[in-house]
């Protein structure tokens, strides 16, 4: 996305300041996030001790030394029945691993390995060509019938095959909670059948080695290979602890079954294969990571004194190694100045809003004509009710601008954008104005004016106007102020801070809802009065035809389709009413449809009657309550909404202090006796499903989660039976 049509940018900071989003991350790392990858039953002692002793110390150290949060993700605790029933456990673990690798300031993965290779899970999806090849090597008709009962072809979703063509996949059906005992037997048999069939397919050159491995590699091994891949160029962010129990042959059979794979592999061949894969995994780890990052311990488990000595040494080493890595990486990372941080925050926000863009060609054409006009004058005013998609339209402008100017030779374009009210410094217009002045001066090499705390808004506005006049005529600058209604009420009076006349090479676009508070000033009328010759663009609800086009484009983008029945149901909800459909309404409807398979037509009868945004929110809320557990989901969302925003640590603290949440959760999970605390995996699952509707904002070095009210997404809990209790927390 070239923003300079005459030259490439070398300095990434300048590129960012000019509005180039290519190198902008999804989120800025602001905490230490460590994913713990281990097998389950054989590392309980270590993981319990880490929760009890080490993690609190690391949390305290990070906060006191660097003012950053320390998070750990131990996905072996607290996996609820629903995750097991819908087979989402493995995907959830890998998603959280990726998140830690992307967002951790220091160490992002710790591996604990001993004598177990770990359990294998049935693939949730099997590509159609692979499924068909496997069946050719399943000769028992009962086994073949079992496979075709467990998996169903889904034609709603297509994937890119090895031949670079699109194909469907077979989906593993959810477990019937009333038939769990039978499913355990069926699951074990299916694993044996698929392991055998995939091995024969590979031997006969019918499938690739990676396709075969999908049925043989354990979940833990997949995590480790993924972590090594994610950290290919930064191995210093991983640590490995290997444990060898020297008297394992002498431990009691019940205990030995927890420390080895014997219980989980019914045939001698599968036991041998597990040990072979484990040896290969350890060898691969040692080939990829430095010896300084791998620690090996030998212990006699039956010797209680030796066992305690090992655990104490392990805990001390774990703390010291992670602490040293935290010190190394945080001190080594060069802190950027406040301007860079501010520009990056808004660029990240721009990418986030852009993901939810609903194509509005009529509006973008009006904006294009305004931007390309070669006349000086007033700004463009974009207005519309909440949920009509104004922020996503503003976020689309930096994407479109390079294309608009592609034929303009020797012209450099810069886009400076501020999403007001989305960071801790943008509710008061003073800070955004000062940072915009600094950003423009940095882009064009101007001397930055000295602005004191005593300077008035009018003085800062005058400084901005002077700088805009200095921009060379072969440079184009586009200023974007999104959501003026998110400013403090006293800043609704735009005459105090907004320039009204711009040079012909500078274009300013502002967006707002017309009247954020019936008792306060009408922003739109104030802007019209201030800028009598402004370009006014109204963002209204989508008409039925355009709404259908948006849905079709989203389906095409995600390589999805719908059955005739599903499509008919969805399109019937797009019939216009007095305030629908809006982009938010469409987004909610589309999110509801993402869970549909081509064999799910009967599920439509259980859906709510949906005609408005509120109905769609309630339906999505119902779906997620069933998926995550009604109590924990409602309480988590309620705490977030009523508080106005919480850090993940604060939210987990509140949920862990909620007796009703704990009673609903500890049916599935038993924590260490000393720490009666909610497993963070439960919140991680909710966060992953709600990420589109949550915003992360840094406040005093801490990342705060809150609802993106720009989308109008919120739950009404005033009728909740415990509303007054919740608001008192």
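Bear in mind that the values in this text are calculations on the coordinates, not laboratory data. Values in this document were obtained by computation on a predicted structure and should not be read as measured data. Every residue, glycine among them, receives a Cβ derived from its backbone with ideal geometry; neighbour counts consider all protein chains shown.
What full-extension length gain, to one decimal in nm, is calculated for residue 372 and residue 525 as 0.36 nm per residue of separation minus the Cα-Cα distance?
Result: 52.5 nm gained on full extension.
Place the peptides 14-23, 135-144, 44-53 in order of packing, highest mean first, counting for every residue the other Cβ atoms within 10 Å and averaging per peptide.
Most protected by this proxy first, the peptides run 14-23, 44-53, 135-144.
How high is the relative contact order of region 125-213? Use alpha-carbon pairs under 8 Å, at least six apart in sequence, and give a whole percent.
Result for region 125-213 is 34 percent.
Taking the DSSP beta bridges in the chain as the whole, what percent of them are antiparallel, to the nearest 5?
30 percent
How much length would be gained if the chain were fully extended between residue 385 and residue 296, taking 0.36 nm per residue of separation minus their Cα-Cα distance, in nm to one decimal?
Details: separation 89, 0.36 × 89 = 32.04 nm, distance 6.10 nm.
Additional length available on full extension: 25.9 nm.
Once the Cβ-Cβ distance between residue 571 and residue 466 is put in as r, and R0 is 45 Å, what FRET efficiency do you end up with, to the nearest 0.05?
Using R0 = 45 Å, I get an efficiency of 0.25.
Please find the FRET efficiency linking residue 140 to residue 95, where r is the Cβ-Cβ separation and R0 is fixed at 30 Å, and quote it to the nearest 0.05.
Efficiency at R0 = 30 Å is approximately 0.25.
May I ask you to order 26-34, 317-325 by the average number of other C-beta atoms within 10 Å around their residues, highest value first?
26-34, 317-325
Starting from the Cα of residue 244, step 7 Å toward the Cβ, then list every residue of region 307-332 with an amide N under 14 Å from that point.
Zone members listed by number: none at all.
Distance in nm between label sites at residue 153 and residue 560, each 7 Å beyond Cα in the beta-carbon direction?
Placing both labels 7 Å along Cα→Cβ, they lie 2.2 nm apart.
Run the simple label-point estimate for residue 493 and residue 600 please: 7 Å along Cα→C-beta, distance reported in nm.
5.3 nm
Evaluate the Debye formula for region 22-148 with equal point scatterers sitting on the alpha carbons, no solvent, and hand back log10 of I(q)/I(0) at q = 0.15, 0.23 Å⁻¹, in q order, two decimals.
The computed values of log10 I(q)/I(0) come out as -0.88, -1.36.
Quick check: the angle from helix 361-372's long axis to the longest principal axis of the chain, C-alpha only, nearest 10 degrees?
That helix lies at roughly 50 degrees to the long axis.
I want to verify the translational diffusion coefficient of region 175-260 in µm²/s; compute it with Stokes-Einstein, Rh as the Kirkwood radius over Cα pairs, at 25 °C and 0.890 mPa s. Let's see the in-between values first.
On the way: Rh = 16.7 Å.
Stokes-Einstein gives a translational diffusion coefficient of 147 µm²/s.
Using semi-axes √(5λ) of the Cα gyration tensor in Å as the read-out, say which of [x] 42, 32, 22; [y] 49, 31, 26; [z] 88, 25, 22 was calculated from these coordinates.
[y]
Applying a 10 Å radius around every beta-carbon, put 344-356, 279-291 in order of their mean neighbour count, most first. Don't skip to the end; give the middle numbers.
Values: 344-356: 20.7, 279-291: 13.8.
Per-residue mean Cβ counts within 10 Å order the peptides as 344-356, 279-291.
If you take the beta carbon distance between residue 365 and residue 533 as r and set R0 to 22 Å, what does 1/(1 + (r/R0)^6) give as a FRET efficiency, to the nearest 0.05?
Details: r = 20 Å, r/R0 = 0.91.
Plugging the Cβ-Cβ distance into 1/(1 + (r/R0)^6) gives 0.65.
What is the distance, in nm, between label points placed 7 Å from the Cα along the Cα-to-Cβ direction at residue 308 and at residue 400?
Taking the two extended label points, one gets 7.1 nm.
Compute the length gained on full extension between residue 431 and residue 458: take 0.36 nm times their separation in residues and subtract their Cα-Cα distance, giving the result in nm to one decimal.
This chain segment gains 8.4 nm when fully extended.
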